[in-house]
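K.L.:
Quick one: this structure, given as C-alpha cells, is what I'll be asking you about.
The values are calculated or read from the model by the stated rules, or taken from the named source; none is laboratory data. As the structure is a prediction and not an experimental result, all values here were calculated from the model. A quick note on method: Cβ atoms are made from the backbone with ideal geometry, for glycine too, and the neighbour counts reach across all protein chains shown. With ligands, DNA and RNA removed, areas are computed over all heavy atoms of the protein, side chains included. Shrake-Rupley method; radii C 1.70, N 1.55, O 1.52, S 1.80 Å.
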Amino acid sequence: MPTGYPPAAPGFPPPAPPKKKRGVLIAAIALAVVLVLCVGGGVAAFLTLSNVETGEGANEPATAVDQFLTAVYKEQDAAKAASLVCASARDDDKIAAKVAEVEKYASAYQNPRFRWSAPKVDNRNADRATVSAKVTMTTSDEKVAEQELRFTVVQKTGWWVCEVA
C-alpha cells in the first residue's frame, strides 16, 4: 500500500513548536512601567511647581497686609494687589473685580479717602499668621464708613496674603 510519501524515519523527534516570544512581552511591560513612572513624575512636578511663589513676599505679616491694602484701596491697582497674594489663592479676575468694586464704591462719594489702622498680628506661627485691620473711608462731606478685615497670611518666600474675611 504505497501512498506516495516516504515512510517517516524512525528515531527522529517531531519538529519543535515555535518558541514563545518572551523578550517582546518583557520589553512591553518594561516600557509600560517606564511610561507610568514618567507620567506620574511629570504630574507630581507640575503640581509641586504650580504652587510656587514667584518673587519675594513681605518681611513681616503686617507689612504684607499693609502693602495689599495700599494696592487695593489707595492705588486701586489690581495687578499690584495680585502680586501680593499667595499662588494658591491668586485669581486675577476676582482680584480685579474687588478693586473695581472699591473704585465704584469710591466714585459714589465726594473726595473719598481710605486709611486703616496699623495691621495687628493676632496669631502667628512659623508659616501662618492672622492679621486684622480696620479700614476707614472718609469723604469731604464728613461721611465715614468702617470695615473690620481679617487676613490669613502665609510664609513661603516671604509673607503673602492668602485670604481676606
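K.L.:
So which pairs qualify, if the first residue must be in the stretch 89-108 and closer than 20 Å to PHE151 by Cβ, the second must be in a helix (DSSP H, G or I) and among the β-branched types (Val, Ile, Thr), the Cβ gap must be under 7 Å, and the two must be at least 6 apart or on different chains?
P.N.:
Filtered contacts from the stretch 89-108: LYS98/VAL72; VAL99/VAL72; VAL102/VAL72.
K.L.:
When you go through TYR105, TYR73 one by one, which is the residue that is assigned to a helix (DSSP H, G or I) and out of contact with any Pro (no Cβ under 9 Å at 6 or more places or on another chain)? Show your work before the answer.
P.N.:
Details: TYR105 fails: out of contact with any Pro (no Cβ under 9 Å at 6 or more places or on another chain).
The match here is TYR73.
K.L.:
Provide a single number: the residues in the stretch 93-107 that are open to solvent by less than 80 Å² (accessible area, probe 1.4 Å) and closer than 15 Å to VAL161 by Cα.
P.N.:
Result for the stretch 93-107: 1.
K.L.:
While we're on this one: Within the stretch 60-92, can you find the residues that are more than 18 Å from VAL135 (Cα to Cα), open to solvent by less than 60 Å² (accessible area, probe 1.4 Å) and not hydrophobic (A, V, I, L, M, F, W, C)?
P.N.:
Across the stretch 60-92, the qualifying residue is only ASP91.
K.L.:
Give the residues of the stretch 120-165 that are in a strand (DSSP E or B) and either touching a His at 6+ places or on another chain (Cβ under 6 Å) or open to solvent by 90 Å² or more (accessible area, probe 1.4 Å) (or both), sorted by residue number. So that I can check it myself, show each step before the final result.
P.N.:
Initially, the stretch 120-165 is screened for residues in a strand (DSSP E or B), giving 120-124, 128-138, 144-155, 159-164.
Within the stretch 120-165, LYS120, ASN123, ARG124, ARG128, VAL144, GLU146, GLN147, GLU148, ARG150, GLU163 qualify.
K.L.:
For the structure I just gave you, tell me whether GLY42 is modelled with pLDDT under 90, part of a helix (DSSP H, G or I) and under 21 Å from the mean Cα position of the chain (by Cα). Show your work before the answer.
P.N.:
Working: modelled with pLDDT under 90: yes; part of a helix (DSSP H, G or I): yes; under 21 Å from the mean Cα position of the chain (by Cα): yes.
Yes, satisfied.
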